[in-house]
Amino acid sequence: MIVRMWHGRVNSSKSDEYAEFMKQKAAPDYGSIQGLQKLYFLRKDDGDVTHFQLVTVWDSMDSVKKFAGENPETAKYYPEDDEFLLEKEPHTTLYEIFHEQ
């Protein structure tokens, strides 16, 4: 299995609105891809900035590519992200799960 992690930052004043956007737009998009095993949206307030971490678990690299394209470490963004994100980090991080308990 593969874990794919993405990080983004928004102004804390927009964090609740961005969280709702993620639930309404991103979650269904990810969920439409066969092979998605688990999805976690995480957030952490840090003063005037809120960090968002998106962690997805996939059954294979092929499933990740169905979502992200042939370069699965390249971050995928929605047009609405321009309204929220302080910057667009170009890459995600991929990890292979080699043991689970």
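Worth a mention:
- The selection criterion, being loosely packed, with under 15 Cβ neighbours inside 10 Å, within 14 Å of the chain's Cα centre (by Cα) and within 24 Å of Ser60 (Cα to Cα), does not hold for Leu36.
- Top-ranked residue of segment 59-96 - restricted to ones that are within 23 Å of Gln24 (Cα to Cα) and β-branched (Val, Ile, Thr), ranked as surrounded by the fewest Cβ atoms within 10 Å (Cβ to Cβ): Thr74
- Some residue of segment 6-21 being buried (at least 16 other Cβ atoms within 10 Å of the Cβ), among the aliphatic types (A, V, I, L, M) and touching a residue at least 40 places away in the same chain (Cβ under 8 Å): yes
Values in this text are rule-based calculations from the coordinates and carry no lab data. These numbers were taken from a predicted model, which means no experiment stands behind them. Glycine also receives a Cβ, built like all others from the backbone with ideal geometry; neighbour counts cover every protein chain displayed.
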